Amino acid sequence: MATPGCAQALSATEAGVGATVVLAHRSFWGPELVVARRPGGQGRLSVTLAGGDSRGGLAFFGAEGERGAGYLTAQVGVEAAPGRRRGWYAELGLGGGVRLSLGRRFRRFPPWW
């Protein structure tokens, strides 16, 4: 018999697409691609790549005359259907500025799921 705590231990690989806005000294907005691993419970470890507009120009790692930047960000968020194969998400984070992202997440579950 499963206990309530075990029933919530969802382990999954996730991919997502969305839009992000970072409000900082150099504000930024644009589309994002996310790859994540949910090891179980409520947490996720993810890598997010975003490209878009910063100071009126195209911003991406390796742009001529611009240095790339990476940030470790702490985020909180909500998502629809965490136990389903896909759903929307909204996140608010801090790291390199205030970050807001909205998008759609796709999940792959273990075969026993």
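Looking only at the range 9-37, which residues are under 16 Å from TRP88 (Cα atoms), β-branched (Val, Ile, Thr) and open to solvent by 30 Å² or more (accessible area, probe 1.4 Å)? So that I can check it myself, show each step before the final result.
Going residue by residue through the range 9-37, those that are under 16 Å from TRP88 (Cα atoms) are 12-20, 31-36.
Pick out the ones that are also β-branched (Val, Ile, Thr) and you get 13, 17, 20, 34-35.
Selection gives THR13, VAL17, VAL35.
Considering the range 74-84, and only residues there that are surrounded by 13 or more Cβ atoms within 10 Å (Cβ to Cβ) and more than 10 Å from the chain's Cα centre (by Cα), the residue that is modelled with the highest pLDDT turns out to be GLU79.
The values are calculated or read from the model by the stated rules, or taken from the named source; none is laboratory data. Being a predicted model, the structure only gives us computed values, none of them experimental. Every residue, glycine among them, receives a Cβ derived from its backbone with ideal geometry; neighbour counts consider all protein chains shown. These area figures cover heavy atoms from the full protein model, side chains too; ligands, DNA and RNA do not enter into them. Shrake-Rupley method; radii C 1.70, N 1.55, O 1.52, S 1.80 Å.
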